[in-house]
Amino acid sequence: MILVIGHKNPDSDSICSALATTALLKARGFKAKPIRQGKVNRETEYILKTAGVAQPELCTNISGKKVWLVDHTDLAQAADDIGEAEILGIVDHHRLGDVMTINPLEVWIWPVGCTCTILFNLFKIEKVQITQQLAILMMSAILSDTVAFSSPTCTLKDKDAVQELAKIASVENLDEFTKSILIAKTDIKGLSATELVEKDLKAYTHNGHYLMIGQVELASLDQVSNLIKDIEDDLEIRCKKNNSPFSAIMLTDIMTARTRLIYKGKWADNLNKYRKNGMLMMENTLSRKKQCWPWIQSELLKSV
């Protein structure tokens, strides 16, 4: 049995790509099962409900198992016992992280906006039929990860994939479908500061240090105006608990492409020069992968 697993604090791409990869492996004749490392968020719940697909089983123990990794290659985002599993394959759209393997493996890493875009093309290459359910899952993940094609990570391959998947999914009004995904993405009603921080929190290693960068995508920054102090306190606690010199949350208004960066840790002073009126605002910033994290890395290099 092959277990297909995405990153910690799974987003829609992590869950949908695990489901799609499982289907692809089964079409090849393998026994495979999708699993997840954490709680499914509201957007992903909506996507799964729309597609009529059950959540992958929660499983954080993969020691001694054969696995495929989707949507990540960083050890800090992988299962804690990843070193005791046998990695057979990887499908990802991020930078190549620090995952190491003993045996040769199959790897597909493309510079596109979503892992499901790669999988859509793999289905085509291998002439495997895409069901309506899989089409809904994959197109939803692509629309989510590219923020309806507005993210700088978006490519023509992502757009082409959605157009073809929409036909398979029998989606007649793509604009309305896209709107429903964005509404689900920005639904944070009732979430605490801690839940917001953990909503899409990713860990990285930087010059031997453990860092955490999260992102909350919003319809308006006003949605979290009364939670800023609590978010700052949460980040401070995480830095102390994990002996981390830096942790941050991107509060991203997807309508205006403006991001307010909340950050804490002993390296935080490196960014204070960019604050205006007591806050650090990043204009035209939607992507953690391509915009925010590379910039943070370049600034934090000055701390070492």
In degrees, nearest 10, the alpha-carbon axis of helix 42-51 is tilted away from the dominant principal axis of the alpha carbons of the chain by 10
Using alpha-carbon coordinates, inclination of helix 174-185 to the longest axis of the chain, degrees: 50
Using the 10 angstrom Cβ neighbour count as an exposure proxy, how do Ile2, Ile183 rank, fewest first? Ile183, Ile2
In deg cm²/dmol, rounded to 500, what helix-only [θ] at 222 nm does the chain give when every DSSP H run of at least 4 residues adds -39500 (n - 2.57) and the total is split over its residues? -10500 deg cm²/dmol
Which whole-number value in Å³ per residue fits the convex hull of the alpha carbons of segment 193-303? 94
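For each of Ser14, Ser151, Ser298, Ser192, count neighbouring Cβ atoms within 10 Å of the residue's Cβ, then give the residues from fewest to most. Mind dumping the intermediate values first?
Details: Ser14 28, Ser151 23, Ser298 9, Ser192 13.
In increasing order of surrounding Cβ atoms, one gets Ser298, Ser192, Ser151, Ser14.
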Inter-label distance for Tyr210 and Lys31, nm, one decimal - labels placed 7 Å from Cα along Cα-to-Cβ: 3.5
Neighbour-count order for Val128, Val4, Val162, fewest beta carbons within 10 angstrom listed first: Val128, Val4, Val162
Multiply the residue separation of Ile109 and Lys240 by 0.36 nm, subtract the distance between their alpha-carbon atoms, and state the gained length in nm to one decimal. 43.7 nm
Can you compute the radius of gyration and Dmax for the chain, using only the Cα atoms, both in Å? 18.8, 59
Assigning unit charges at the beta carbon (Lys, Arg +1; Asp, Glu -1) and nothing else, what dipole magnitude in debye, to the nearest 20, does the chain show about its Cα centre? 260
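The numbers here are math on the coordinates, done by the rules we state, and not lab data. On a predicted model such as this, the values are computed, not experimentally measured, just so you know. Note that each Cβ is placed from the backbone with ideal geometry, even for glycine, and that neighbours are counted across all protein chains shown.
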